[in-house]
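**Student:** One structure coming up, written as C-alpha cells, with questions to follow.
Every read-out reported here was derived from the displayed coordinates using simple, explicitly stated rules and does not represent laboratory data. This structure is a prediction, so every number in the text was calculated from the model and none was measured. Using ideal geometry, Cβ is built from the backbone for each residue, glycine included, and neighbour counts are taken over all protein chains shown.
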Amino acid sequence: MTLLRSSVGTKRGRSAGVFWALWVVLLGLVAGCAQGANGAGPGVGSFDPADALENPKDYEGPSTAMVAEAAIEPIAEKPEPALPAQVTDVQGTAVTVTDVSRILALDIYGTTSRIVFSLGLGENVVGRDTSSAFAEIKDRPRVTPSGNTLSAEAILELAPSVIITDTSLGPWDVLLQMREAGIPVVVVDSHRSLETTGELINQVAAAVGLVDEGQRLADRTSQLVVEAKAAIAPAIPAADEAKLRIAFLYLRGSAGVYYLFGHGSGTDSLITAVGGIDVATEVGWEGMQPVTDEGLVAMNPDLILVMTRGLESVGGVDGLLEKLPAVAATPAGIKRRIVDMDDTQILAFGPNSPEVLYALAAAIYAPDGRR
C-alpha cells in the first residue's frame, strides 16, 4: 500500500514545508496539558445551543475552551494488521513495516498516538511524546524528556518496531539515527486542518497495516465533525454582520514572539467551523506572519483565540493588553474577549476534532455555561 501524497502537492509542498518548519520553531516547548489560563469556562464535551448568548458580540470577559476527557473508542477491537505494510511516506521514502508490536507514534500534538489508539493498537504503543497525555497512554515512558526534543537513547531503550512521526519534533538527526539502526520510520504530513484530518488518519493506518480500519476511522471522525457543526449552527448569528470576527494569535511572551495565523494555517478551518469570520483570511493573510499594530487594528476582531500556555507566557489577559496595545484597541481587547485552549488540543486535528469544536463553541457562545 502506498500512502497518498499530501494534498499540499510537490511544488506547494516545498513552501508548505518551510511554513510548517517555522511553525514548529514558534511552537517551542509544549510541556503537557495546560490548565485554563482564564480560570473560566464550563468544561464541556458537548454543546447545547439553548445555552447560547443572544448576541455573542455583546459578551464581555475571557473564557477557556475545555475538552471533556472521555475514553478513546477504538474503531476495531484487536484488529489484525495486514503485514508487511509497504508505504511511501510524505517525504517520498519507501518504507516496509513488518512488525507493529512495538509502536512509537510521535508528534507535537499527540495526534498520531491518539490515532493509533483509535485504530485499536493502543496496547502495542510502547512510549509517548510530551503532548500525548490522554488517560490511555500517560503511563508509557516519554521519549521527549526535555519539552519536545527527541532522545535517541530513550527511543532505542524501548526497541520500537516502527516509528510514525512528522516533522514537528526534532532534532531530525535522531530519526535518521533510528533509520540507520534499522527501525522503519514513516513520516506523515505535519500540515493540519479539519480538511486534512482524514488523510492523516489514513497515512497512520497504512503504516500499521490497517487500511480498512483507517478509512472507517476517518469516516467516523468526518461524520462526527459534521454532527458537531450541525449542533453548533443554531448558535451562530444568521446575518454576516452579527457573526463574530475572530483572529488567532500565537503568543510566546518570554521570546517576544507574536504571530497572527491566517489562510492555510489550520486555524482558519477551526474559525469557520464554529461560525466565525477569520479576519486574517478576509484580508488575504497567508500562513503565519508577525503581528503588526496597524494590521490587527484594521482587522477589527471581536474575539481572539490563543493557546493557553501562550496566554500564560504574556501574563494572562492583562499582560496581553499591555504587551500588545493594538489588541487593546480592538473590540476583542476592549471587551477582554479572549478565548484560550490547551496548546496540545486546539490545533491537533485528529480523532478528537469533534470534541475540540464543541469545547470552542461552548467557550465562544455559552461562556457562562448557562443551563
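**Student:** State, in angstrom, two size descriptors of the chain derived from its alpha carbons: Rg to one decimal place and Dmax to the nearest whole number.
**Tutor:** So, for the chain, Rg and Dmax equal 20.2, 60 Å respectively.
**Student:** Of the beta bridges DSSP finds with both residues in the chain, what % are antiparallel, to the nearest 5? It would help to have the intermediate numbers written out before the result.
**Tutor:** Details: 13 of 37 bridges.
Just about 35 percent of them are antiparallel.
**Student:** If each residue's Cβ is checked for other Cβ atoms within 10 Å, how do Ile338, Ile304, Ile183 rank with the fewest at the top? Please report the intermediate quantities before stating the final value.
**Tutor:** Numbers: Ile338 24, Ile304 29, Ile183 18.
Least to most surrounded, the residues fall as Ile183, Ile338, Ile304.
**Student:** Can you flag which of Lys138/Lys323; Lys78/Lys138; Lys57/Lys323; Lys229/Lys323 are past 30 Å Cα-Cα?
**Tutor:** Details: Lys138/Lys323 36 Å; Lys78/Lys138 21 Å; Lys57/Lys323 24 Å; Lys229/Lys323 35 Å.
Flagged as over cut-off: Lys138/Lys323; Lys229/Lys323.
**Student:** Does region 64-128 classify as rounded, prolate or oblate by the C-alpha gyration tensor (a ≥ b ≥ c root eigenvalues; a/c under 1.5 gives rounded; else a/b over b/c gives prolate, otherwise oblate)?
**Tutor:** Numbers: a/c = 2.42, a/b = 1.49, b/c = 1.62.
Oblate, because a/c is 1.5 or more while a/b does not exceed b/c.
**Student:** Using R₀ = 22 Å, calculate the FRET efficiency as 1/(1 + (r/R₀)^6) where r is the Cβ-Cβ separation of Val283 and Lys57; round to 0.05. Can you show the working numbers first?
**Tutor:** Numbers: r = 20 Å, r/R0 = 0.89.
E between Val283 and Lys57, to the nearest 0.05, is 0.65.
**Student:** For the chain, the longest stretch holding no GluC sites (Glu not before Pro) located in a DSSP loop with at most 10 other Cβ atoms within 10 Å is which?
**Tutor:** That would be 78-371.
**Student:** OK, next. Return Arg128, Arg114 ranked ascending by Cβ neighbour count within 10 Å, so the fewest neighbours appear first.
**Tutor:** Numbers: Arg128 22, Arg114 25.
The fewest-first ordering by Cβ neighbours comes to Arg128, Arg114.
**Student:** With charges only on Cβ, +1 for K and R and -1 for D and E, what is the dipole size of the chain about its Cα centre, in debye, rounded to 20?
**Tutor:** On the way: 27 positive and 45 negative charges, 72 e Å.
About 340 debye.
**Student:** Based on DSSP, what percent of beta bridges with both residues in region 85-209 are antiparallel, to the nearest 5?
**Tutor:** Working: 5 of 15 bridges.
Antiparallel bridges make up about 35 percent of those DSSP assigns within region 85-209.
**Student:** Find the Cα radius of gyration of region 226-371, compare it with 2.2 N^0.38 Å by division, and give the number to two decimals. If you can, show how the numbers build up before the last one.
**Tutor:** On the way: Rg = 14.3 Å, N = 146, 2.2 N^0.38 = 14.6 Å.
Normalised by 2.2 N^0.38 Å, the Cα Rg of region 226-371 equals 0.98.
**Student:** Could you list Thr167, Thr196 in order of exposure, starting from the residue whose Cβ has the fewest other Cβ atoms within 10 Å?
**Tutor:** Working: Thr167 21, Thr196 18.
Final ranking by Cβ density, sparse to dense: Thr196, Thr167.
**Student:** Moving to a separate point now. Under the Kirkwood approximation applied to all pairs of distinct alpha-carbon atoms, what is the hydrodynamic radius of region 130-238 in Å? Working shown, then result.
**Tutor:** Details: mean 1/r = 0.0617 Å⁻¹.
Here the Kirkwood hydrodynamic radius works out to 16.2 Å.
**Student:** So for the chain, averaging the separation of alpha carbon pairs under 8 Å that are six or more residues apart and normalising by length, what relative contact order in percent results? Don't skip to the end; give the middle numbers.
**Tutor:** Numbers: 778 pairs, mean separation 92.7, N = 371.
Computed value for the chain: 25 percent relative contact order.
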